[in-house]
1. I need the full set of residues from region 201-220 which are surrounded by 15 or more Cβ atoms within 10 Å (Cβ to Cβ) and either free of Cβ contacts under 8 Å to residues at least 12 places away in the same chain or part of a strand (DSSP E or B) (or both), in order please.
2. I'd like to check something: does region 323-338 contain any residue that is open to solvent by 80 Å² or more (accessible area, probe 1.4 Å) and at pLDDT below 85?
3. Test Leu223 against the stated conditions and say whether it is open to solvent by less than 20 Å² (accessible area, probe 1.4 Å), part of a helix (DSSP H, G or I), in contact (Cβ under 8 Å) with a residue 40 or more places away in the chain and under 24 Å from Asp182 (Cβ atoms).
4. Quick one: which of Val256, Val266 is touching a helix residue (DSSP H, G or I) at 6+ places or on another chain (Cβ under 6 Å) and either loosely packed, with under 15 Cβ neighbours inside 10 Å or β-branched (Val, Ile, Thr) (or both)?
5. If Thr345 satisfies all but one of (1) part of a helix (DSSP H, G or I); (2) open to solvent by less than 90 Å² (accessible area, probe 1.4 Å); (3) free of Cβ contacts under 8 Å to residues at least 40 places away in the same chain, what's the number of the condition it fails?
6. Please go through region 243-265 and give me each residue that is closer than 21 Å to Ala191 by Cβ and outside any strand (DSSP E or B), ordered by number.
7. How about region 1-41: which of its residues are within 24 Å of Val334 (Cα to Cα), in a loop (DSSP other than H, G, I, E, B) and at pLDDT 90 or above?
8. Restrict the check to region 295-313 and report whether at least one residue is part of a loop (DSSP other than H, G, I, E, B) and over 27 Å from Arg99 (Cα atoms).
Amino acid sequence: MNIIVVGLNHTTAPVEVRERLAVAKSRLGDALARLRAMPHIQEGLILSTCNRVEVCAVVEEIEQGFESVKKFLADVQTSLTREALAPHLYGYTATDAIRHLFRVTSSLDSMVVGEPQILGQMKDAFEEAMAHRATGLVLNKVMSKALSVAKRVRTETKIAENAVSVSFAAVQLAKKIFGRLDDHSVLLIGAGEMAELAARHLVGQGVRRVVICSRRQERAASLAKEFNGTAAPMDEAVAQMTQSDIVICSTGASHVLIHYDDLVKVIQARKNRPIFLIDLAVPRNIEPRVNEIDNVFLYDIDDLELVVASNRKERAREAERAEVIINSELEAIVRWMKSLDAVPTIVALRERADAIRRSELEKLIGRVGEFSPDQLAAVERFAEALVNKLLHAPLVTLKQEANSPNGSLYADTIRRLFQLEIEPPQEETAAKPAPEPAAEPDKGRPS
């Protein structure tokens, strides 16, 4: 019994290829049924996000399993031949496959390392596969462990704590200045994409009042409706600042819109209450020397990029700690996987030997007549000792070699020599996966 992973992601395939293979949730049940119907596939799971499409499967023969999964992926769409798809695919088996699943679930293989979406996406994929009876003993065990490992990574490392997007870096800086952000207000001057995203994060953190000043009145009204805020004319921007704790400026203007003197008046009107300014425009729209005013905190795009660069380095260090956790968890599950071939073989061999022992004792009694109780006990002890001595060496070898690269070969040889019929393992009901940690606002792009 072997586990394999075949798929493609943002590093191996462009978006036009990934989107062709994407499996919508409404089609996932049918896709899982088709996957399980493929030759050599015993269990299966499909993970489909905007940045990756992967199939994890349990197979009897690795090469045949790879071929079946590749054919399945090629059949998902009709506009891409199998030959054209092949260069974009990667494949893992055995320990490498399990490690890959652990890394993906822990967001170490994501476009944005540490992003939270992938854990929820993997949990959903697992639950869908279980709901459609596509998983069994192996995938239930491995996927439950993958979710547990990801939770441990998030608990024991700081891989998701530092902002790696400009928009969320602004939120982190605002929290350093104000502490809690609920009961504070935000003003958007202009409605650029980054400004909108930063505002969205701020609202998600509890900002209570949003005002949008933009020359594009329709755009301002649309955003105001979305944020449950209000739109105001552009020439009211400075006046609105007196009532705004956080100001995000992102316009297409090529000159300064907010001057030093404007902020002097604003801070006076605010009675020296702090104001946090984020200038995302290039060229800058806020005069840099406003930072000299007490209780005025100005950050421009370069400041935020420096924060992001520093945080990316910190996430990289935390990712190294996460890899250590994954490797420590990997050993036990790999041992369990390798034991799957040995344990049923050991049980079957013992049962076959005991059945032969009982049968031969019955024949002996039939030929020579009844034994006295002492004689029968002695004969049974002799037969049992003989069986135990004959089985001792093969059973010890099977146990010793279970976790070796040739463990499956030993088990298969024993089954062939003794003509053992191994019952397939019973499906194990996986424990309900623990809920993923709450997604922090820095969502980045889902994996």
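1. If the condition is that a residue be surrounded by 15 or more Cβ atoms within 10 Å (Cβ to Cβ) and either free of Cβ contacts under 8 Å to residues at least 12 places away in the same chain or part of a strand (DSSP E or B) (or both), then Arg209, Val210, Val211, Ile212, Cys213 are the ones that fit.
2. Step one: list which residues in region 323-338 are open to solvent by 80 Å² or more (accessible area, probe 1.4 Å), which gives 324, 331, 335.
This time we only want the ones that are at pLDDT below 85, so: 335.
Within region 323-338, one or more residues are open to solvent by 80 Å² or more (accessible area, probe 1.4 Å) and at pLDDT below 85.
3. On the way: open to solvent by less than 20 Å² (accessible area, probe 1.4 Å): yes; part of a helix (DSSP H, G or I): yes; in contact (Cβ under 8 Å) with a residue 40 or more places away in the chain: no; under 24 Å from Asp182 (Cβ atoms): yes.
Answer is no for this residue.
4. Values: Val256 fails: touching a helix residue (DSSP H, G or I) at 6+ places or on another chain (Cβ under 6 Å).
Result of the check over Val256, Val266: Val266.
5. (3)
6. Here is the first cut: in region 243-265, the ones closer than 21 Å to Ala191 by Cβ are 243-258, 262.
Selection gives Gln243, Ser244, Asp245, Ser250, Thr251, Gly252, Ala253, Ser254, His255, Val256, Leu257, Asp262.
7. Scanning region 1-41 gives a single hit, His40.
8. Of all residues in region 295-313, those part of a loop (DSSP other than H, G, I, E, B) come to 295.
If we keep only those that are over 27 Å from Arg99 (Cα atoms) as well, we get 295.
Yes, that holds for at least one residue.
The values are calculated or read from the model by the stated rules, or taken from the named source; none is laboratory data. Values in this document were obtained by computation on a predicted structure and should not be read as measured data. With ideal geometry, Cβ positions are generated from the backbone for all residues, glycine too; neighbour counts draw on all protein chains shown. Side chains are part of the model used for accessible areas, which takes the heavy atoms of the whole protein and leaves out ligands, DNA and RNA. Shrake-Rupley method; radii C 1.70, N 1.55, O 1.52, S 1.80 Å.
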